[in-house]
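The values are calculated or read from the model by the stated rules, or taken from the named source; none is laboratory data. The model shown is predicted, which means the values in this text are computed figures rather than measured ones. FYI the Cβ positions are ideal-geometry reconstructions off the backbone, even for glycines, and counts take in every protein chain you see.
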Amino acid sequence: MKRGWVKRLLSLHGVLFLVFVYAPIVMVVVLSFNSNPINMMIWSGFTFDWYWSILGYPTQLNEQTLYVESTDQLLGAVKNSLIVAVSTTTISTILGTMTALALYRYRFRAQRFYQGLLYMPMVMPDIVLGIALLVFFVGFGVALGVMSIIIGHCTFLISYVFVVVSARLAGMDDTLEQASADLGANEWVTFRRITLPQILPGVIGGALLAFIISMDDLVITYFIAGVDSTTLPVFIYGMLRRGVKPEINAIATLMLTLSFIIATLGLYLRRRH
Amino acid sequence: MKADEEAQDQAASIAEVREAVKRFAAPEGGIVTALDGVSLKVRPSEFVTLLGPSGCGKTTLLRAISGFEELDAGEVRIAGAPMTGVPPHRRPVNTVFQNYALFPHLSVGDNVGYGLDVAGVPRAERNTRVGETLERIGLDGYERRRPDQLSGGQRQRVALARAIINQPKLLLLDEPLSALDRNLRKAMQLELKNLQHDLGICFVFVTHDQEEALTMSDRVAVLNAGRIEQVAAPETHYHRPATRFVAEFIGDGALFSGRVEGPAKDPVLVTADGLRFAVASGTPAGQEATLLLRPEHLEAAPKSPRASHGVIEARLEQSVFLGALHQFVCRLANGATIIAAPTGAGAGNLSEVAIGDSIRLAYRRDQPHLIPEVGDGA
């Protein structure tokens, strides 16, 4: 039997852990509503103005503190981020799922080695991948821009989708596909009616993961983004270099909300299947 | 066989496997021959069982018929048409899988109707046939259930319904009853047999359970190490097994190998360690053979046995009461065990013998089957 103080110590540990992880995030959210334009650490009142200001609306917290010189720039970065994230999610989900299916279905020479190669981009340091992609693009004369970011993100996001879908496939009963073929369904019908519904939670999970990572990626994108194709993380990083301003809290809170919605969506879909 | 006879025979067989050979690369290296020249014919409306221990090739043979395994040599014909290169979805056979393989994301109705949906059968007809098929297997009204809401026996029925709805020429069943408990299995055996009779389609049934095979089949093919040992009716397997393997695999019994000696009127099988067993008169001397003594052949020997009987000296080791019959486990001079399960008056005499006492067993010399030794020692 555990003694009372041991139990209390364990509870304290649990609480401290949560505080350690979530306090900074909670702080960002709270500060995004602080109306003090000079020192964000001193609470001076509740306001939505930072949200309005990043959207380009004039507010009482006048122009002198307004950091986002051009809202167009911010919105441009958001637009780039969304274009990149949607494209890479689509491409890497399709290719990653196909790869997972191929490795599940066929046995071939050096399969383990090939599998290892697929895991590699996940453990490779971002900075190495970033430099390598930059050298590659420049060396082969690929113009840096949204397209190069999409290609760059796909190189490692395919691996993430592959891993998630493979895990789902490993749990699938492989006689289901045989039963379908036995009942007269060709490969395509079997895939559409049996295999895809079975692995769909994995495919959706992989796609959401790819979307979040793509939206969030800084290091690799930083290397391979062109001058006019800044994504949101790269843009925020640029803002930070010139000092932490209250708008950043508002942007961070909005990004957090988006991630939270996506994660909830993922959990919901997982439960339904 | 003459050509026209062969043609006639071919038309009469629903499925035919000719000299099938299949080899696999074993995971631990080397080559495993799963099918080693197997030939088999399935006649119309016949219930054929492939029986054998695990690894004997029975499932591989089934999968060669359904198209999930390609043969290295030989061929499969279904209704006379060669199936080489024909993928599973174009073969007129359906399978009941060992684990049922019901589609978990589809309802019972959609599982059963899958074959019709894929074939593009109109909705109204499809629904009628699904309803009829479910009714036939005693699951009417279950259309909207999910597979995970069913019991093991019900899943088994759904798998069966799904496989018969397309009215295949041949239904393949891969140990479909192995996951059910004993009572349910017994009930399903009879039901399957009835269903097969009603539908009038061929069943090819795979099992390692000899009792199951004997209960249901018109003919049983006993497989061992990729070869067919014997194809025959269950009674033939039991009373006149062709090989030692079949004799050991089906039913209880003691086997004694030796050489037949003595005059034609009173031949005796002499084993290597000197045991002597009287065998049916007329058995030619000099033949190497194996004698199969079933428990029901043996009874207590009378004081002065007749010449028509063989007598065995043994020691009673154990007496087991099994309800309908009584088994007496006896040990012979060479250490071999033999089981006697006499019927009728013979049982009473044996019951009086105390455990450990010597005992004399007798059998009608023409009753036990004598398996002639074949060249390769099978």
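Here are the numbers for the structure shown:
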read-out	value
Number of the exception - B:Thr84 against (1) assigned to a strand (DSSP E or B); (2) over 23 Å from the mean Cα position of the chain (by Cα)	(1)
Given (1) more than 14 Å from every other protein chain (Cβ to nearest Cβ); (2) of a type in the set (Val, Ile, Thr); (3) surrounded by 17 or more Cβ atoms within 10 Å (Cβ to Cβ); (4) within 16 Å of B:Arg162 (Cα to Cα), number of the condition B:Thr133 does not satisfy	(1)
Selected residue (only one of B:Ala179, B:Ala187, B:Ala124 is assigned to a helix (DSSP H, G or I), within 30 Å of the chain's Cα centre (by Cα) and not polar (S, T, N, Q))	B:Ala187
Tally, over the range B:81-107, of residues that are touching a Pro at 6+ places or on another chain (Cβ under 7 Å) and under 21 Å from B:Gly138 (Cβ atoms)	3
Index of the failed condition, A:Ser70 passing every other in (1) among the small types (Gly, Ala, Ser); (2) exposed (fewer than 13 other Cβ atoms within 10 Å of the Cβ); (3) modelled with pLDDT of 75 or more	(3)
Residues satisfying the stated conditions in the range B:149-206, i.e. of a type in the set (Lys, Arg) and in contact (Cβ under 8 Å) with a residue 40 or more places away in the chain	B:Arg155, B:Arg162, B:Lys169, B:Lys193
Condition met for B:Arg155 (in contact with a helix residue (DSSP H, G or I) (Cβ under 8 Å, 6 or more places away or on another chain), within 14 Å of chain A (Cβ to nearest Cβ) and part of a helix (DSSP H, G or I))	yes
Considering residues of the range B:64-78 that are away from every other protein chain (no Cβ under 14 Å) and outside any loop (DSSP other than H, G, I, E, B) only, the residue farthest from B:Ala20 (Cα to Cα)	B:Arg77
Where a residue in the range A:181-204 is more than 25 Å from B:Ile164 (Cα to Cα) and touching a residue at least 60 places away in the same chain (Cβ under 8 Å) and its partner, wherever it lies, is outside any helix (DSSP H, G or I) and not small (Gly, Ala, Ser), with Cβ under 8 Å and at least six apart	A:Ile199/A:Met172; A:Leu200/A:His273; A:Pro201/A:His273
Count of residues meeting criterion [small (Gly, Ala, Ser) and in contact (Cβ under 8 Å) with a residue 60 or more places away in the chain] in the range B:261-317	7
Residue among B:Ala247, B:Ala213, B:Ala242 that is under 16 Å from B:Glu373 (Cα atoms), touching a residue at least 24 places away in the same chain (Cβ under 8 Å) and assigned to a helix (DSSP H, G or I)	B:Ala247
Qualifying residue in the range B:233-246 (condition: in contact with a Leu (Cβ under 6 Å, 6 or more places away or on another chain), of a type in the set (A, V, I, L, M, F, W, C) and within 29 Å of B:Glu19 (Cα to Cα))	no
Positions within the range B:107-120 being in contact (Cβ under 8 Å) with a residue 40 or more places away in the chain and either basic (Lys, Arg) or facing another protein chain (nearest Cβ under 8 Å) (or both), in sequence order	B:Tyr114, B:Gly115, B:Ala119
Members of the range A:153-175 that are within 7 Å of chain B (Cβ to nearest Cβ) and under 33 Å from the mean Cα position of the chain (by Cα)	A:Asp173
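Yes/no per residue for (1) over 30 Å from B:Thr243 (Cβ atoms); (2) not in a strand (DSSP E or B):
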residue	(1), (2)
B:Ala289	no, no
B:Val320	no, no
B:Phe328	no, no
B:Ile338	no, no
B:Ala354	yes, yes
B:Arg360	yes, no
